[in-house]
Each structure stands twice: as structure tokens, then as C-alpha cells.
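Read the structure below first, then the notes.
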Amino acid sequence: MKNKYLAKDELYGAWEHAITKERLYFEAARHFQSKLPCSVENGTDGSYRVSADSLLFYPPKGNDDLGKDSLIYYSGKFSISGNELKIIQHNKTEIFKRIR
């Protein structure tokens, strides 16, 4: 069970957006967090799934404000090359650098 649910994938770790300095944290059990620097707001969290070359971000389970079938905070095609993560959505490319 540990290997199935807590295994680390290629996204695991902390990534920082090249321009906005937003940070994405990919954690065990396919959990993610998104935080903006110097922000008092909590940011975003939930789960993620990799499907072929697509990355899908889902709201947290048990969030009563969202419908049962509320799917995605964000989705896009992604690729990783060395310490660089590219996420492409609607012809816009976001670049993140691995920071740990």
C-alpha cells in the first residue's frame, strides 16, 4: 500500500514559477499546495493526477462548497526536463524551476 499511495513521482518536491515566484508543492499521496510569496492568503490545495502527458489539479475532498463532480482547479499538458517543469494550458506556457 505504501508504494501505491505514498510513492514519490517525478513531480514530488517544491517548484517555483519563473516569473510570479508562486510555489507548487507536490507531496505524498498525490497532494499539492500552491502558495504565493508574501501572501497572507492560504493558497490552494487539493490532489493531483497525471494522465498521459496531462496534469490535473482537483479541489480537496470533502469541500462542501463544490459539487460532487467539481473536477479541476487547473489542467494542462506538462513536461519535465532536468529541473524545469513546463505546464501548457490554452497555448500559454508556465515555467517552474525545482527548488527542492
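Straight-line reach from LYS61: which aspartates and glutamates have a Cα under 13 Å away, not including same-chain ones fewer than 8 places off?
The qualifying aspartates and glutamates are ASP45, ASP69.
Suppose R0 equals 25 Å. What FRET efficiency, 1/(1 + (r/R0)^6) with r the Cβ-Cβ distance, do LYS92 and ALA29 give to the nearest 0.05?
That pair, LYS92 with ALA29, gives E of 0.30.
Values quoted throughout were computed directly from the atomic coordinates according to the rules given, and no laboratory measurement underlies them. The structure displayed is predicted, hence computed values, not measured ones. In this analysis, Cβ positions are derived from the backbone assuming ideal geometry, glycine residues included, and neighbour counts consider all displayed protein chains.
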